[in-house]
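The block underneath contains the structure these notes are about, expressed in structure tokens.
The values are calculated or read from the model by the stated rules, or taken from the named source; none is laboratory data. This one's a predicted model, so the numbers in the text were calculated from it and none came from an experiment. Glycine gets a Cβ as well: all are built from the backbone with ideal geometry, and neighbour counts include every protein chain shown.
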Amino acid sequence: MTATPHAADRAPASVRTEALEALLTEKGLVNAGGLDGLINRFVNDVGPMNGATVVARAWTDPEYRERLLADGTAAVGEFGFSGPQGEHIVVVPNDAEHHNVVVCTLCSCYPWPLLGLPPDWYKDPAYRSRIVREPRTVLGEMGLELGDDVKITVWDSSAENRYFILPARPSGTEDMSETELAAIVTREAMVGVAVVGSPS
Ligand code: FE
């Protein structure tokens, strides 16, 4: 039997999302207020600042860095960062020789408790397919030019493992406090499409 595409398949994501939410609410599977609360929390309260806090601690406390790389979920839990999409956090360190970048090729798996909700480019089908095939080119287009001697690894996030990048600490930051360090860490660096630059 040939499947006929439903009109909903061609509707914009926002319309499909609303239809899905209405259906789930009607069936009593979710409550609309709860969903709005959840989205508000991850947009307004969480955001990438949590991830930046973790990175700054790892830059200043070698024992914490070790715990973070050994068991990401437990180490970020020390800050109370947990919850939906915060299970199975795997932390991968970047350095000058080896650059790591994260994608979810299937959908948009992302460490919500550390970074908030994913940005649009992360959910874009072009990013999700191309970063795997031609990471150096895509990173270059996003403003990160890596030398040919830098090895690149692409990590595919899923429900089993949600990857989080520990960026390299830039030079010129030796005298900065943990709070000052957290302020220079960007969301893009924690996904691996950027590096943290030296403060000028
Ligand atoms: Fe996903």
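Given the range 68-159, what helices (runs of 4 or more DSSP H) lie entirely inside it while holding 2 or more residues that are touching a strand residue (DSSP E or B) at 6+ places or on another chain (Cβ under 7 Å)?
On the way: elements: 72-77, 112-115, 120-123, 125-133, 135-141.
Helices (runs of 4 or more DSSP H) meeting the threshold: 72-77, 125-133, 135-141.
Given the residues Leu69, Leu106, Leu115, which is the only one that is under 30 Å from Glu145 (Cβ atoms) and more than 16 Å from the ligand (Cβ to nearest atom)?
Being under 30 Å from Glu145 (Cβ atoms) and more than 16 Å from the ligand (Cβ to nearest atom) holds for just one of Leu69, Leu106, Leu115, which is Leu69.
Would the range 46-66 turn up any residue that is farther than 27 Å from Glu174 by Cα and at pLDDT below 95?
The first filter runs over the range 46-66 and keeps only residues farther than 27 Å from Glu174 by Cα, leaving 46.
Among the residues that remain, those that are also at pLDDT below 95 are: 46.
The answer is yes; a qualifying residue exists.
If you take the residues in the range 72-103 that are within 16 Å of the ligand (Cβ to nearest atom) and over 24 Å from Lys151 (Cβ atoms), which one is modelled with the highest pLDDT?
Taking the range 72-103 and keeping what is within 16 Å of the ligand (Cβ to nearest atom), we get 84-90, 101-103.
Then drop every residue that is not over 24 Å from Lys151 (Cβ atoms), which leaves 84-88.
Values: Pro84: 85, Gln85: 85, Gly86: 86, Glu87: 88, His88: 94.
In this case the residue turns out to be His88.
State which residue pairs qualify: first residue among the hydroxyl-bearing types (Ser, Thr, Tyr) and inside the range 103-118, second residue outside any helix (DSSP H, G or I) in any location, beta carbons under 7 Å apart, and separation of 6 or more residues or different chains.
Thr105/Asp156; Ser108/Pro118; Tyr110/Gln85; Tyr110/Cys104; Tyr110/Pro118; Tyr110/Ser157; Tyr110/Arg162
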